[in-house]
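Read through the structure below, which is laid out as structure tokens, and then see the notes.
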Amino acid sequence: MSARDTYSGQATYYDVGLGACGTFHQNTDFVAALNMAQYSSDLCGRKIRVTGPDGQVDVIVADSCPGCGHGDLDLSPAAFQKIAPLSAGRIAVTWTFL
């Protein structure tokens, strides 16, 4: 996975806490859980730019998402709200590593 690759999938949001990367975050932080097909602990702390219906947001990989499919992300509520209202629940996104 290089910084030039763009991925497509669905984004949801979750209650953030202690993630698979071993760090604790809050719902107000701009973090993401990466799907298990693409997650690796060496990606912890890596920045991702996510594009959704209402714009872009930069997040940090802080967790894994076992229930997510390839290309999917689970975002903190603060990050999700930058690209769609929370009421949307699930949105189509594209994203790339920075």
Every listed condition ((1) surrounded by fewer than 15 Cβ atoms within 10 Å (Cβ to Cβ); (2) modelled with pLDDT of 95 or more) holds for TYR7 save (1)
Residue selected from region 1-53 under the condition polar (S, T, N, Q) and in a loop (DSSP other than H, G, I, E, B), by the criterion farthest from GLY89 (Cα to Cα): SER2
Which residue pairs have Cβ atoms closer than 8 Å, lie 6 or more positions apart in sequence or on different chains, and pair a first residue in region 55-83 that is in contact (Cβ under 8 Å) with a residue 60 or more places away in the chain and within 22 Å of ASP42 (Cβ to Cβ) with a second residue that is aromatic (Phe, Trp, Tyr) and assigned to a loop (DSSP other than H, G, I, E, B)? ASP74/TYR14; LEU75/TYR14; SER76/TYR14; SER76/PHE30; ALA79/PHE30
Residues of region 10-59 that turn out to be at positive phi and within 12 Å of the chain's Cα centre (by Cα), as a count: 1
Looking only at region 54-98, count every residue that is outside any loop (DSSP other than H, G, I, E, B) and touching a Pro at 6+ places or on another chain (Cβ under 9 Å) and tell me the total. 6
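The values are calculated or read from the model by the stated rules, or taken from the named source; none is laboratory data. As the structure is a prediction and not an experimental result, all values here were calculated from the model. Backbone-built Cβ (ideal geometry, glycine too); neighbour counts: all protein chains shown.
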